[in-house]
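Here's the structure, in C-alpha cells; my notes come after.
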Amino acid sequence: MNSRVLSAWPVARRSEVAAWLRGAALDWIFVAKAAFAVLLTGWLAMRFELEQPGTAMMTAAIVIHPQSGMVLAKSFYRAIGTVVGSLAALALFAAFPQQRTVFMASMAVWIGLCVGGASLYRNFKSYGFVLAGYTAAIVALPAVDQPQNVFDGAVMRVSEVMLGILVAGVVSDVLLPQRLGDVMRDGIRAQFAHFIAFVRSSLTGALPRAELEQAHLRFVREVVQIENQRSSVVFEDAGVRVRSPRLRRFNHAFMAVSTSYQSLHHLLNRLQDEAHAPVRERLSQLTSDLAMALGPAGSEPRAAAETDALAARLGALRERIAERIPALRAGLRERADLLDFDTGAELVARIADELHDYTLAYAQLALPHRATALPEPIAFTRATDWLNAGFAAARATVTMLAMGWFWIASAWPEGAGAMIIATVFAGVMATFPDPLRAIRLTLLGFVLGVVAGLACVYGVLVRMDGYLLFAAGLLPFLLVGFYMVTRPALMAIGLGYVPTMLFTMQVRNPMRFDALASLNAGLGQIAGIACAGVAFMLFANASGSAWLLRRLLRRLRLQVVHAARAPLRNLLAQFESGSRDLAVQIVGYTRPGSDEARLLLAWSLTVQETGRAVIELREEIAAG
C-alpha cells in the first residue's frame, strides 16, 4: 500500500470517529431533552390539576423533534388543529344532541374532509388538518352518552395539549437547541458546492443516461427539501422569514440551471458517434470555457470574495461565448449540424447565465447584510390532486363509519379509543408514500408500547410514591423509545412506542391503577391501527394502486400541456416547482432501483426538458 495512503489513513479515521461522536452526542442530547420535556409536562399537568396529564405528556412526546424549528412549526399547526377540532366537536353536539346515528355520520364526514385537506399538503399544514379531524373525535366520542360534559372535555383537551406544546417548545428552544436554520444553511452550502463541482467535472464528456437520471432525482429532492425546510424554519428564525423571498429565488435559480444542464447533456450524449464529431468538438470548446470559468477542482466558493469572483467570471463568460460562436460555426455546412451546434451553443450560453444567477442568489443568502434589490416574489407551486384527496377522504370516512358501527354493536368500552386511533392513522398515513409499510412498523411500536406501559405501571410504578420516583421509574422506558426515534430504521417503531406506552399507562390526576382498563386501552390502540391498515389494504393509495400511479404519471405529462397553454407570467416558476413536486410524489410511490422507478425517472426528465423548451419558445415568440 502506498505510504502516503498509510500516513493519511489515521487522519481520515480520526475524522470519521469525530463525526460519529458528534452525531451520537446530538442524538443523546435529543433523547435527554425529549424525556425531560415529557416528565416536566407531566409534573406541571399534575400541579395544575389537569384531568389527564397523560394527554399533555403524549403531546410533548409527539411534537418534540431534534430541531427546534420543526418543534415550533409542528406545535403551531397542532395548536390550530386542536382548537378547530374542539370547536367542531361542540358544533356537532349542538346540531345533533340526541341523534347518535346522525352525529356519528356527521363526525365521519368531518374527519373525511379533514383527511382530504391533509392530502393536499406535504408539510405541517397537513398535520394541522389531521389534528382538526381526530381532535373532534377525541373530544366528542367519550361524551356521546353524557353530552353535558362535552364543553368541559373540550376545554380540558385544549388545556392539556397547549401545555404539552408549550413545554416541548420551550425545552427544545432553550436547552442546547439544535437549529433547523443551521441545518438548512449547511444543506444550501453543500448543495451549491456539490452542484458546481458536478457541473465542472461532467462538462468535459458524456454523462450516461442512468447517472443523468440519478442526478435529476437528487436535484428534485433537494429542491423540495429546501422548500419544506423554508416553510418550517420561519417559525424559528426571524432572519429567515425576512430572507424567505431570497430562499425561493435561490431555489428557482437552481431549478432553472439544473434543467438546462440536463438538456445540454442529452444533446451531448446524442452527439457521441463519429458522424457528429465536428459538432461535438466545437461544442466541447464552449463547455471547456464554462468549466474553466467554474475554477479548478476543489475550488468551490466558501468565502464572500470567492463567490464574487465566480459570479464575475460567469458574468464575463457570456460575452466570450458570443464572440466565439461565429468562428466555431463557420466550418459547418450541413443543416442538421448547424441546428445541433446552434442548440448546444444556446444551451451553454443559457447555462452560463443561469449559473451566474444561481451564484448571485447564493451570495444573497450567504451574505445577508449585503445591500441588494429585493427579488420579485416567486411562489413554490405544489401539484395537488383533488381526486387523490377525495379518495383519502372517502377512506377515512368509511373507516370511521365501520369502526363506529362496531363500537355501537359490540358495546366494547374501548371501542371509542380504537375508533379514534383508526381515524388518526387513516389520516396521518394518507400522506405517506407507502402507508402499509409505515403502519406495519408503527403497529410493532404499538405492541411494544403496550407491553412497556403495562410493565412500567404494574412492574415499577406500583412500588413508587411521589412524582420524583414516578419520573425515575418512567425514565428508562422513555429513553428506549426516544433513542429508537433517532435511528432511521427504527423511527416508525419509536414513534408508535412512546405515545402508546403513555396512553396505556393511563396517567391521571390522581393516579389510579386498573390493570384491566390499561390492558383494554392498549388493545384498543392496537385494534385501531390494525383497522387503519386494513383500510389501506382495501383502499390503497398510489403505492398500491396501479390506476392511481398511472393517473399521477398522466398529470406529470400534462405539465407540458400546462406549459404550452397557461399565461406566461410566472409560468416558468410554476412549471419547474409543480413538475418537481409531482416527480417526488411519483418516485416515492415506487421501489427504489426498480424498472418502474427508472421509467418514471425517465418520464420526469423528459417532461422537465420538454416543458422548459416550450416555455422558452413561447417567451421568444412573445418577445418578438
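The values are calculated or read from the model by the stated rules, or taken from the named source; none is laboratory data. Because the structure is a prediction, the values reported are computed rather than measured. Virtual Cβ from ideal backbone geometry, glycine too; neighbours counted across all protein chains shown. Accessible surface is based on the protein model in full, side chains and every heavy atom, while ligands, DNA and RNA are left aside. Shrake-Rupley method; radii C 1.70, N 1.55, O 1.52, S 1.80 Å.
How would F254, F477 rank on accessible area, largest to smallest, probe 1.4 Å?
Numbers: F254 0, F477 45 Å².
Of F254, F477, the descending order of accessible area is F477, F254.
When the charge dipole of the chain is built from unit charges on Cβ atoms (+1 for Lys and Arg, -1 for Asp and Glu) and taken about the Cα centre, the candidate among L401, F103, S518 whose Cα reaches farthest toward its positive end is S518.
A helix-only calculation puts the chain at -27500 deg cm²/dmol for mean residue ellipticity at 222 nm, using -39500 (n - 2.57) for each DSSP H run of at least four residues, averaged over all residues. Label-to-label distance, A312 versus H194, with points set 7 angstrom from Cα along the beta-carbon direction: 3.0 nm.
Here the calculated FRET efficiency for R320 and D186, from their Cβ-Cβ distance with R0 = 25 Å, stands at 0.15, rounded to the nearest 0.05. Charge tally around T610: other residues with Cβ under 12 Å, Lys/Arg +1 each, Asp/Glu -1 each, net 0.
Could you give the length gained by full extension between A330 and S201, i.e. 0.36 nm per residue of separation minus their alpha carbon distance, to one decimal place? Don't skip to the answer; put the middle values down first.
Working: separation 129, 0.36 × 129 = 46.44 nm, distance 2.86 nm.
Length gained between A330 and S201: 43.6 nm.
From most to least packed by mean Cβ count within 10 Å, the peptides 327-340, 606-619, 310-323 give 606-619, 310-323, 327-340. A probe of 1.4 angstrom, applied to the heavy atoms of all protein chains, finds Y77 with accessible area near 40 square angstrom. Once both labels are positioned 7 Å from their Cα atoms along Cα-to-Cβ, the gap between V174 and R221 label points is 3.8 nm.
Using 0.36 nm times the number of residues separating S159 and A32, minus their current alpha carbon distance, what extension gain do you get?
Values: separation 127, 0.36 × 127 = 45.72 nm, distance 2.50 nm.
Difference between extended and current length: 43.2 nm.
Each residue of the range 391-404 was assigned a 3J(HN,Hα) from its phi angle through the Karplus curve 6.51 cos²θ - 1.76 cosθ + 1.60 (θ = phi - 60°); the sequence is 5, 5, 5, 5, 4, 5, 5, 5, 4, 4, 5, 5, 5, x Hz, with glycine and proline shown as x.
Highest mean packing first, where packing is the average number of other Cβ atoms within 10 Å per residue, the peptides 285-291, 391-397 line up as 391-397, 285-291. Against the chain, whose longest principal axis is taken from its Cα atoms, helix 100-119 shows a tilt of about 20°. Gyration tensor analysis over the Cα atoms of the range 467-596 returns equivalent ellipsoid semi-axes of 46, 19, 15 Å (largest first, whole Å). Note on Q148 and W547: the extension gain reaches 138.9 nm, defined as 0.36 nm multiplied by sequence separation minus the Cα-Cα distance. Taking the accessible area of the chain, probe 1.4 Å, and keeping the other protein chains in place, the carbon and sulfur fraction comes to 64%.
If DNA, RNA and ligands are ignored and the probe is 1.4 Å, what is the ranking of C531, C114 by accessible area, most exposed first?
Working: C531 50, C114 5 Å².
Descending order: C531, C114.
Within the range 51-180, all pairs of alpha-carbon atoms sorted by distance into 10 Å bins from zero give the percentages 14, 40, 31, 12, 3, 0.
So, R0 is 22 Å and r is the distance between the beta-carbons of D514 and L444; what FRET efficiency does that work out to, to 0.05? Show your work: numbers first, answer last.
Details: r = 26 Å, r/R0 = 1.18.
Once the sixth-power term is evaluated, E becomes 0.25.
Computed over protein heavy atoms with a 1.4 angstrom probe, the accessible surface ordering of R280, R246, largest first, is R280, R246.
Once the Cα atoms are used to define both axes, helix 304-329 deviates from the longest principal axis of the chain by about 40 degrees. Per the Debye formula on identical point scatterers at the alpha carbon atoms of the chain, with no solvent, log10 I(q)/I(0) at q = 0.08, 0.09, 0.12 Å⁻¹ is -0.68, -0.83, -1.25.
Equivalent-ellipsoid semi-axes for the range 134-175 (Cα gyration tensor, √(5λ), whole Å, largest first): 29, 9, 5. The residues packed around R335, meaning those with a beta-carbon under 13 Å from its beta-carbon, carry a net charge of -2 if Lys and Arg are +1 and Asp and Glu are -1. Per residue, the solvent-accessible area of the chain (1.4 Å probe, heavy atoms of protein chains only, all protein chains present) comes to 45 Å².
Accessible surface for K33 stands near 20 Å², nearest 10, in the context of the full protein assembly shown (1.4 Å probe). Relative to the longest principal axis of the Cα atoms of the chain, the long axis of helix 180-202 lies at roughly 30 degrees.
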